[in-house]
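The values are calculated or read from the model by the stated rules, or taken from the named source; none is laboratory data. Model, not experiment: these values are computed from the prediction. Here the Cβ positions follow ideal geometry from the backbone for every residue, glycine too, while neighbour counts run over all protein chains shown. For accessibility, only protein heavy atoms count, side chains too; no ligands or nucleic acids. Shrake-Rupley method; radii C 1.70, N 1.55, O 1.52, S 1.80 Å.
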Number of protein chains: 2
Amino acid sequence: MFKFTTLNNKSQLKTETRKEEIIKTAAKLFKEKGYSAVTMRDLATAMGIKAASLYNHINSKQDILKDIIISLAEEFTQGMNLIKKSDHSTIEKLNLIVALHVEITAKNTFGMASLNNDWMHLEEQLDYYLQLRKKYEQDFIDIIKTGIATNEILDTNPEIVMFSILSTLRSLYLWIPKKEEITSVELAETLSQVLINGINK
Amino acid sequence: MFKFTTLNNKSQLKTETRKEEIIKTAAKLFKEKGYSAVTMRDLATAMGIKAASLYNHINSKQDILKDIIISLAEEFTQGMNLIKKSDHSTIEKLNLIVALHVEITAKNTFGMASLNNDWMHLEEQLDYYLQLRKKYEQDFIDIIKTGIATNEILDTNPEIVMFSILSTLRSLYLWIPKKEEITSVELAETLSQVLINGINK
DNA sequence: AACTCAAACTAACAAGCGTTAGTTAAGGTA
DNA sequence: TACCTTAACTAACGCTTGTTAGTTTGAGTT
């Protein structure tokens, strides 16, 4: 098989394995049509092979979805844990959350579509995913509540505030691909400004 | 068949037709699992009948999706046309857009899920839907640009501002069902406050 | 009592689904 | 040269899909 990198695993340079290529291609298709509407034959065609050949590399369609979603969910959990434990102000913590979403999403817009839209098709890992999500949102809300208590942010319904910010951050995967000219840092800055300070003059 | 209303169509009182019941049930299922993952047998079971019986009332699965999505898209278009032509200030227009989304979404949270997540499975009507959406977003951005020009709102990237607000409004369908105690008016007010004035003290 | 009609039913269809089993081809290693 | 590994293949499976054709049921109307 032709490889896109010249050095193999033994020389420590990261070569994209066939399995990783399949998962990446699957994520792309899942973003376009959703998990359920993508068939293994669609995926095979996109890879230039036959459907049965996919099974030399992956265990099942389910497993591909799990690989895409769980790794991303854990990445968010890890980022939130760092932010939570840091000693920044509330506003700074919120800026860091914005930056976390921009960074992860910019790196993997396709996977973020599955995370947002296809998590309900997880089977064994559904409970685990829901647990991670619940924890993330609870940590987020706690940060907002602290900010209200310490008089750093306005005393507004914390759930509405979180919902509002998180909705925007969760939709980034739709929007980042259309704005290739803007850097992650610029986007995170503008977004922080809009979300935190509003747009009223 | 048992009917849930006592007066029939001839007496001018709106009776929910069997077709409307099916579409409403379908929207509920589509929200839970997405259009592609819901089978006609799932829908039939939810209605308490056999799959073949559905076809006495509807033409096809496709047609159900079209009915759900297009009517909502046209409702938004109509609302935007009114707002656009009105002589309110930019801030007031933005408040009206928030209220429009809250109102339509509160009335039909299930359908809003399809509008947001399953539009790509439209077939004949896909181009029409995309045209309505593009027009809506263009009108939205024009309002923001006017606000910047007239010095009513801060001079920030208009696309980021629209994206930020619209992402939140488009996610309302996920959130409204969890907050049944809050009224549409209260929600619209708090949301306007957060989206327009921010949360910074 | 006879008729109408909405709304259900059974049975079946062709196509497509995810997946398995067993085989082949080519390149690197012993 | 013989072997091993990787990655493709063909063929087929049992099941599910959306949809159709034709039939039955039961309540309301004439």
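Selection of first residues in region B:115-143 that are more than 14 Å from every other protein chain (Cβ to nearest Cβ) and of second residues that are surrounded by fewer than 18 Cβ atoms within 10 Å (Cβ to Cβ) and acidic (Asp, Glu), restricted to Cβ pairs under 9 Å at least 6 apart or on distinct chains, gives the following pairs, ordered by first then second residue: B:Leu132/B:Glu74.
A quick yes/no check of all residues on (1) under 11 Å from A:Leu195 (Cα atoms); (2) at the interface with chain A (Cβ under 7 Å from one of its Cβ atoms):
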| site | (1), (2) |
| --- | --- |
| B:Glu159 | no, no |
| B:Ser164 | yes, yes |
| B:Ser171 | no, yes |
| B:Ile176 | no, no |
| B:Ser184 | no, no |
| B:Glu189 | no, no |
| B:Gln193 | no, yes |
| B:Gly198 | yes, yes |
| B:Lys201 | no, yes |
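The residue of region B:55-74 that is nearest to DNA strand D (Cβ to nearest atom), among those that are open to solvent by 60 Å² or more (accessible area, probe 1.4 Å) and part of a helix (DSSP H, G or I), is B:Ser71. Within region B:75-82, can one find any residue that is more than 16 Å from DNA strand D (Cβ to nearest atom) and aromatic (Phe, Trp, Tyr)? The answer is yes; a qualifying residue exists.
Scan region A:72-114 for residues that are within 13 Å of chain B (Cβ to nearest Cβ), more than 30 Å from A:Glu152 (Cβ to Cβ) and among the hydroxyl-bearing types (Ser, Thr, Tyr) and jot them down. Correct list: A:Ser114 only. Looking only at residues of region A:11-54 that are within 14 Å of chain B (Cβ to nearest Cβ), assigned to a helix (DSSP H, G or I) and surrounded by 18 or more Cβ atoms within 10 Å (Cβ to Cβ), we find that the one that is nearest to DNA strand D (Cβ to nearest atom) is A:Leu29. When you look at B:Gln138, is it over 11 Å from the mean Cα position of the chain (by Cα), modelled with pLDDT of 95 or more and over 30 Å from B:Ala37 (Cα atoms), yes or no? Against the criterion (over 11 Å from the mean Cα position of the chain (by Cα), modelled with pLDDT of 95 or more and over 30 Å from B:Ala37 (Cα atoms)), B:Gln138 qualifies. Scanning region A:79-124 for residues that are surrounded by 18 or more Cβ atoms within 10 Å (Cβ to Cβ) and assigned to a loop (DSSP other than H, G, I, E, B) gives A:Asn108, A:Asp118, A:Leu122.
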